[in-house]
1. For VAL90, all conditions in the list (1) surrounded by fewer than 21 Cβ atoms within 10 Å (Cβ to Cβ); (2) outside any helix (DSSP H, G or I); (3) among the hydrophobic types (A, V, I, L, M, F, W, C) hold save one; what is the number of the exception?
2. Restricting attention to the range 232-242, which residues are part of a helix (DSSP H, G or I) and surrounded by 21 or more Cβ atoms within 10 Å (Cβ to Cβ)?
3. Within the range 25-44, which residues are part of a helix (DSSP H, G or I) and either surrounded by fewer than 21 Cβ atoms within 10 Å (Cβ to Cβ) or not assigned by TED's automatic domain parsing to the domain that holds VAL118 (or both)?
4. Restrict the check to the range 126-141 and report whether at least one residue is over 28 Å from ALA197 (Cβ atoms), of a type outside the set (Ser, Thr, Tyr) and in contact (Cβ under 8 Å) with a residue 12 or more places away in the chain.
5. So which residues in the range 295-311 are part of a helix (DSSP H, G or I) and buried (at least 16 other Cβ atoms within 10 Å of the Cβ), if there are any at all?
6. Among (1) surrounded by fewer than 21 Cβ atoms within 10 Å (Cβ to Cβ); (2) in a helix (DSSP H, G or I), which single condition is ALA109 missing?
7. Take the residues in the range 269-284 that are among the charged types (D, E, K, R) and modelled with pLDDT of 95 or more, then tell me which one is surrounded by the fewest Cβ atoms within 10 Å (Cβ to Cβ).
8. Name the residues in the range 246-287 that are in contact (Cβ under 8 Å) with a residue 60 or more places away in the chain, in contact with a Lys or Arg (Cβ under 8 Å, 6 or more places away or on another chain) and closer than 19 Å to LEU308 by Cβ, would you?
Amino acid sequence: MAEVLVLAEHAGGDVKKVTFELLTLARTLGEPAAVAIGEVSDDVVASLAAGGADTIYVANGAEYADHVVAPKVSALQAALAASGAVGILVPATAEGKEIAARLAVRTGAGIITDAVGVDAGFVAQQSVFGGSTLVHSVVTTGTPIIAVRPNSVAAEQYPGAARRIDLDVTVADIDRAATVTDRVAQERAGRPELTEAAIVVSGGRGVGSPEGFSVIESLADSLGAAVGASRAATDAGWYPHQFQVGQTGKTVSPQLYIANGISGAIQHRAGMQTSKMIIAVNKDAEAPIFDLVDFGVVGDLHTVLPQLTEEVTRRRG
(Lines give C-alpha, C1' and ligand atoms only; values in the text may rest on other atoms or scores of the structure.)
Protein backbone atom coordinates (compact mmCIF):
# COMPACT_ATOMS: atom_id res chain seq x y z
CA MET A 1 0.00 0.00 0.00
CA ALA A 2 1.35 3.43 -0.96
CA GLU A 3 2.32 5.88 1.76
CA VAL A 4 0.43 9.02 2.72
CA LEU A 5 2.63 11.63 4.39
CA VAL A 6 1.45 13.55 7.45
CA LEU A 7 3.31 16.66 8.53
CA ALA A 8 3.68 16.26 12.29
CA GLU A 9 3.23 19.31 14.51
CA HIS A 10 5.05 19.06 17.82
CA ALA A 11 6.45 21.34 20.49
CA GLY A 12 8.45 20.71 23.64
CA GLY A 13 8.42 16.96 23.07
CA ASP A 14 4.62 16.81 22.75
CA VAL A 15 2.84 15.93 19.51
CA LYS A 16 -0.21 18.07 18.81
CA LYS A 17 -3.62 16.45 18.63
CA VAL A 18 -4.19 17.43 15.01
CA THR A 19 -1.29 15.19 13.98
CA PHE A 20 -3.02 12.11 15.41
CA GLU A 21 -6.21 13.15 13.61
CA LEU A 22 -4.34 13.30 10.30
CA LEU A 23 -2.66 9.94 10.91
CA THR A 24 -6.11 8.44 11.44
CA LEU A 25 -7.31 10.03 8.21
CA ALA A 26 -4.19 8.91 6.34
CA ARG A 27 -4.90 5.29 7.29
CA THR A 28 -8.15 5.46 5.30
CA LEU A 29 -6.22 6.62 2.23
CA GLY A 30 -3.07 4.50 2.36
CA GLU A 31 -0.19 3.68 4.68
CA PRO A 32 0.24 6.53 7.22
CA ALA A 33 3.74 7.97 7.45
CA ALA A 34 4.66 10.91 9.69
CA VAL A 35 7.24 13.57 8.87
CA ALA A 36 8.78 15.07 12.01
CA ILE A 37 10.94 18.15 11.54
CA GLY A 38 13.03 20.13 14.02
CA GLU A 39 14.20 19.03 17.43
CA VAL A 40 12.65 15.57 17.33
CA SER A 41 12.97 13.77 20.66
CA ASP A 42 12.53 10.05 21.33
CA ASP A 43 9.22 10.95 23.00
CA VAL A 44 7.97 12.51 19.76
CA VAL A 45 8.93 9.42 17.76
CA ALA A 46 7.27 7.13 20.32
CA SER A 47 4.08 9.24 20.28
CA LEU A 48 3.90 9.14 16.50
CA ALA A 49 4.36 5.37 16.55
CA ALA A 50 1.60 4.99 19.14
CA GLY A 51 -0.59 7.33 17.08
CA GLY A 52 -0.48 5.06 14.07
CA ALA A 53 2.50 6.04 11.92
CA ASP A 54 3.88 3.00 10.12
CA THR A 55 6.92 5.01 9.05
CA ILE A 56 8.43 8.10 10.63
CA TYR A 57 10.65 10.33 8.50
CA VAL A 58 12.82 12.49 10.73
CA ALA A 59 14.64 15.70 9.81
CA ASN A 60 16.39 16.42 13.07
CA GLY A 61 18.10 19.67 13.92
CA ALA A 62 17.71 22.85 15.90
CA GLU A 63 18.36 24.94 12.77
CA TYR A 64 14.81 24.36 11.55
CA ALA A 65 13.59 26.64 14.32
CA ASP A 66 16.11 29.35 13.41
CA HIS A 67 14.55 30.14 10.05
CA VAL A 68 11.04 30.84 8.85
CA VAL A 69 9.22 27.89 7.23
CA ALA A 70 11.38 27.39 4.12
CA PRO A 71 13.81 24.80 5.59
CA LYS A 72 10.81 22.74 6.71
CA VAL A 73 9.56 22.76 3.13
CA SER A 74 12.90 21.29 2.03
CA ALA A 75 12.57 18.57 4.66
CA LEU A 76 9.02 17.69 3.61
CA GLN A 77 10.13 17.65 -0.03
CA ALA A 78 12.94 15.25 0.90
CA ALA A 79 10.42 12.97 2.63
CA LEU A 80 8.24 13.02 -0.48
CA ALA A 81 11.19 12.02 -2.65
CA ALA A 82 12.23 9.23 -0.27
CA SER A 83 8.74 7.81 0.15
CA GLY A 84 7.09 8.13 -3.22
CA ALA A 85 3.94 9.06 -1.31
CA VAL A 86 0.62 9.35 -3.13
CA GLY A 87 -0.62 12.22 -0.99
CA ILE A 88 0.37 14.70 1.70
CA LEU A 89 -1.79 15.86 4.61
CA VAL A 90 -0.86 18.92 6.65
CA PRO A 91 -2.68 20.71 9.48
CA ALA A 92 -4.63 23.74 8.25
CA THR A 93 -2.77 26.01 10.65
CA ALA A 94 -1.02 29.22 9.62
CA GLU A 95 2.35 27.50 9.38
CA GLY A 96 0.96 24.28 7.92
CA LYS A 97 -0.78 26.10 5.08
CA GLU A 98 2.31 28.13 4.25
CA ILE A 99 4.45 24.99 4.13
CA ALA A 100 1.84 23.31 1.92
CA ALA A 101 1.69 26.28 -0.46
CA ARG A 102 5.47 26.51 -0.81
CA LEU A 103 5.76 22.76 -1.38
CA ALA A 104 3.06 22.94 -4.07
CA VAL A 105 5.03 25.65 -5.89
CA ARG A 106 8.27 23.67 -5.69
CA THR A 107 6.78 20.41 -6.89
CA GLY A 108 4.27 21.80 -9.37
CA ALA A 109 1.44 20.05 -7.52
CA GLY A 110 -2.09 21.11 -6.75
CA ILE A 111 -3.12 22.14 -3.25
CA ILE A 112 -6.43 22.19 -1.36
CA THR A 113 -6.73 24.16 1.88
CA ASP A 114 -9.17 24.14 4.79
CA ALA A 115 -10.57 20.69 4.02
CA VAL A 116 -13.00 19.27 6.56
CA GLY A 117 -12.68 15.72 5.27
CA VAL A 118 -10.88 13.61 2.66
CA ASP A 119 -12.44 10.60 0.95
CA ALA A 120 -10.94 7.79 -1.11
CA GLY A 121 -9.04 9.06 -4.11
CA PHE A 122 -8.08 12.21 -2.16
CA VAL A 123 -11.44 13.84 -2.78
CA ALA A 124 -11.46 16.71 -0.31
CA GLN A 125 -14.53 18.20 1.33
CA GLN A 126 -14.48 21.96 1.82
CA SER A 127 -16.93 24.25 3.58
CA VAL A 128 -17.23 27.42 1.45
CA PHE A 129 -19.27 30.62 1.14
CA GLY A 130 -19.16 31.25 4.86
CA GLY A 131 -19.94 27.63 5.65
CA SER A 132 -23.20 27.59 3.70
CA THR A 133 -22.05 25.11 1.06
CA LEU A 134 -20.04 21.87 1.11
CA VAL A 135 -18.03 21.17 -2.04
CA HIS A 136 -15.86 18.27 -3.17
CA SER A 137 -12.50 19.05 -4.73
CA VAL A 138 -9.68 17.04 -6.25
CA VAL A 139 -6.10 17.82 -7.22
CA THR A 140 -5.50 17.10 -10.91
CA THR A 141 -1.76 17.81 -11.09
CA GLY A 142 1.07 16.22 -9.14
CA THR A 143 0.92 14.67 -5.67
CA PRO A 144 -2.16 16.00 -3.82
CA ILE A 145 -1.33 18.34 -0.94
CA ILE A 146 -4.29 18.86 1.37
CA ALA A 147 -4.48 21.07 4.46
CA VAL A 148 -7.10 19.70 6.85
CA ARG A 149 -8.76 21.68 9.63
CA PRO A 150 -8.12 20.47 13.20
CA ASN A 151 -11.02 18.55 14.78
CA SER A 152 -12.31 17.38 11.39
CA VAL A 153 -11.48 13.76 12.22
CA ALA A 154 -11.70 11.81 15.48
CA ALA A 155 -8.21 10.54 16.29
CA GLU A 156 -7.82 6.80 16.83
CA GLN A 157 -4.80 5.05 18.28
CA TYR A 158 -3.06 2.23 16.39
CA PRO A 159 -0.19 1.30 18.74
CA GLY A 160 2.82 -0.34 17.17
CA ALA A 161 6.50 0.04 16.49
CA ALA A 162 7.09 2.26 13.45
CA ARG A 163 10.27 2.22 11.41
CA ARG A 164 12.31 5.40 11.59
CA ILE A 165 14.06 6.86 8.56
CA ASP A 166 16.43 9.79 9.08
CA LEU A 167 16.39 12.19 6.17
CA ASP A 168 19.45 13.77 4.60
CA VAL A 169 18.13 17.24 3.81
CA THR A 170 19.92 19.86 1.76
CA VAL A 171 18.74 23.31 2.79
CA ALA A 172 19.57 25.99 0.22
CA ASP A 173 21.04 29.32 1.28
CA ILE A 174 17.93 31.11 0.05
CA ASP A 175 15.86 29.06 2.51
CA ARG A 176 17.94 30.56 5.32
CA ALA A 177 17.38 34.15 4.18
CA ALA A 178 14.72 34.87 6.81
CA THR A 179 16.04 34.31 10.31
CA VAL A 180 14.21 34.25 13.63
CA THR A 181 15.97 36.74 15.92
CA ASP A 182 13.77 36.59 19.02
CA ARG A 183 10.83 34.77 20.54
CA VAL A 184 8.24 35.92 23.06
CA ALA A 185 6.39 33.25 25.01
CA GLN A 186 2.62 33.64 24.80
CA GLU A 187 0.93 33.56 28.17
CA ARG A 188 -1.53 30.71 28.53
CA ALA A 189 -4.19 30.22 31.16
CA GLY A 190 -3.99 26.45 31.14
CA ARG A 191 -6.77 26.20 28.55
CA PRO A 192 -6.57 24.15 25.32
CA GLU A 193 -5.25 25.79 22.17
CA LEU A 194 -8.18 27.43 20.37
CA THR A 195 -7.96 25.64 17.03
CA GLU A 196 -7.44 22.22 18.64
CA ALA A 197 -9.99 22.41 21.46
CA ALA A 198 -12.89 19.95 21.54
CA ILE A 199 -15.07 22.61 23.20
CA VAL A 200 -14.99 26.36 22.53
CA VAL A 201 -16.90 29.00 24.50
CA SER A 202 -17.01 32.34 22.68
CA GLY A 203 -18.22 35.81 23.56
CA GLY A 204 -19.30 38.70 21.37
CA ARG A 205 -20.62 42.23 21.58
CA GLY A 206 -23.34 41.08 23.98
CA VAL A 207 -20.70 40.43 26.66
CA GLY A 208 -20.69 44.19 27.14
CA SER A 209 -17.18 44.87 28.42
CA PRO A 210 -13.73 43.36 29.00
CA GLU A 211 -14.83 42.44 32.52
CA GLY A 212 -17.85 40.69 31.06
CA PHE A 213 -15.59 38.00 29.62
CA SER A 214 -15.12 36.61 33.13
CA VAL A 215 -18.39 34.68 32.76
CA ILE A 216 -17.16 33.29 29.43
CA GLU A 217 -13.88 32.19 31.00
CA SER A 218 -15.60 30.65 34.01
CA LEU A 219 -17.84 28.50 31.82
CA ALA A 220 -14.90 27.53 29.62
CA ASP A 221 -12.84 26.48 32.65
CA SER A 222 -15.69 24.38 34.04
CA LEU A 223 -15.89 22.53 30.70
CA GLY A 224 -12.15 22.31 30.06
CA ALA A 225 -12.73 24.44 26.97
CA ALA A 226 -10.92 27.12 25.00
CA VAL A 227 -12.13 30.73 24.94
CA GLY A 228 -12.97 32.47 21.68
CA ALA A 229 -14.26 35.91 20.74
CA SER A 230 -16.03 37.58 17.86
CA ARG A 231 -14.41 40.27 15.77
CA ALA A 232 -16.64 42.89 17.39
CA ALA A 233 -15.31 41.94 20.81
CA THR A 234 -11.65 41.91 19.78
CA ASP A 235 -11.94 45.15 17.79
CA ALA A 236 -13.44 46.77 20.88
CA GLY A 237 -10.37 45.68 22.84
CA TRP A 238 -12.37 43.44 25.16
CA TYR A 239 -10.33 40.31 24.39
CA PRO A 240 -6.97 39.68 22.65
CA HIS A 241 -7.04 39.33 18.87
CA GLN A 242 -5.34 35.92 18.90
CA PHE A 243 -8.62 34.49 20.22
CA GLN A 244 -10.77 35.87 17.39
CA VAL A 245 -12.93 33.28 15.64
CA GLY A 246 -14.06 34.13 12.13
CA GLN A 247 -13.12 34.73 8.53
CA THR A 248 -10.36 37.16 9.51
CA GLY A 249 -9.47 35.23 12.66
CA LYS A 250 -9.11 31.55 13.43
CA THR A 251 -11.22 28.73 12.05
CA VAL A 252 -12.41 26.16 14.58
CA SER A 253 -14.32 22.89 14.24
CA PRO A 254 -14.85 21.68 17.82
CA GLN A 255 -17.26 19.02 18.98
CA LEU A 256 -19.16 21.75 20.85
CA TYR A 257 -19.26 25.50 20.18
CA ILE A 258 -21.11 27.81 22.59
CA ALA A 259 -21.72 31.30 21.20
CA ASN A 260 -22.68 33.92 23.76
CA GLY A 261 -23.85 37.41 22.85
CA ILE A 262 -22.84 36.81 19.22
CA SER A 263 -25.32 37.91 16.55
CA GLY A 264 -24.13 35.44 13.92
CA ALA A 265 -22.71 37.66 11.18
CA ILE A 266 -21.35 35.79 8.16
CA GLN A 267 -17.78 36.78 9.13
CA HIS A 268 -18.08 34.88 12.40
CA ARG A 269 -20.05 31.97 10.97
CA ALA A 270 -17.29 31.30 8.45
CA GLY A 271 -14.94 30.49 11.30
CA MET A 272 -17.14 28.09 13.31
CA GLN A 273 -19.97 26.75 11.17
CA THR A 274 -18.38 23.30 10.81
CA SER A 275 -18.60 22.73 14.58
CA LYS A 276 -20.31 19.42 15.34
CA MET A 277 -22.82 20.95 17.79
CA ILE A 278 -23.60 24.65 18.25
CA ILE A 279 -25.37 26.28 21.20
CA ALA A 280 -26.17 29.99 21.32
CA VAL A 281 -27.21 32.32 24.13
CA ASN A 282 -28.56 35.69 22.99
CA LYS A 283 -31.13 38.21 24.23
CA ASP A 284 -32.36 38.84 20.68
CA ALA A 285 -34.69 36.05 19.60
CA GLU A 286 -34.27 37.22 15.98
CA ALA A 287 -30.45 37.01 15.98
CA PRO A 288 -29.16 35.25 12.83
CA ILE A 289 -27.09 32.87 14.98
CA PHE A 290 -30.29 31.02 15.90
CA ASP A 291 -30.70 29.92 12.26
CA LEU A 292 -27.50 27.92 12.66
CA VAL A 293 -27.67 26.35 16.10
CA ASP A 294 -28.66 22.94 17.42
CA PHE A 295 -29.87 24.49 20.69
CA GLY A 296 -30.64 28.12 21.44
CA VAL A 297 -31.33 30.02 24.65
CA VAL A 298 -33.05 33.42 24.47
CA GLY A 299 -31.80 35.25 27.53
CA ASP A 300 -29.15 37.43 29.12
CA LEU A 301 -25.81 35.62 29.04
CA HIS A 302 -24.84 37.22 32.37
CA THR A 303 -27.80 35.42 33.93
CA VAL A 304 -27.70 32.18 31.95
CA LEU A 305 -23.95 31.44 31.98
CA PRO A 306 -23.34 31.61 35.75
CA GLN A 307 -26.21 29.16 36.26
CA LEU A 308 -24.82 26.86 33.57
CA THR A 309 -21.33 27.07 35.06
CA GLU A 310 -22.67 26.23 38.51
CA GLU A 311 -24.58 23.22 37.18
CA VAL A 312 -21.61 21.93 35.14
CA THR A 313 -19.34 22.29 38.17
CA ARG A 314 -21.84 20.49 40.39
CA ARG A 315 -22.20 17.58 37.98
CA ARG A 316 -18.48 17.23 37.40
CA GLY A 317 -17.62 17.65 41.06
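1. Only one criterion in (1) surrounded by fewer than 21 Cβ atoms within 10 Å (Cβ to Cβ); (2) outside any helix (DSSP H, G or I); (3) among the hydrophobic types (A, V, I, L, M, F, W, C) is unmet by VAL90, namely (1).
2. ALA232, ALA233, THR234
3. Scanning the range 25-44 gives ARG27, ASP42, ASP43.
4. Within the range 126-141, one or more residues are over 28 Å from ALA197 (Cβ atoms), of a type outside the set (Ser, Thr, Tyr) and in contact (Cβ under 8 Å) with a residue 12 or more places away in the chain.
5. Those that are part of a helix (DSSP H, G or I) and buried (at least 16 other Cβ atoms within 10 Å of the Cβ): LEU301, HIS302, VAL304, LEU305, LEU308, THR309.
6. Among (1) surrounded by fewer than 21 Cβ atoms within 10 Å (Cβ to Cβ); (2) in a helix (DSSP H, G or I), ALA109 violates only (2).
7. Applying the filter and picking the extreme gives ASP284.
8. Listed by number, the residues that qualify are PRO254, GLN255, ILE262.
The values are calculated or read from the model by the stated rules, or taken from the named source; none is laboratory data. The structure presented is a predicted model; accordingly, all values stated were derived computationally and were not measured. Positions of Cβ are generated from backbone atoms using ideal geometry, with glycine treated the same way; all protein chains shown enter the neighbour counts.
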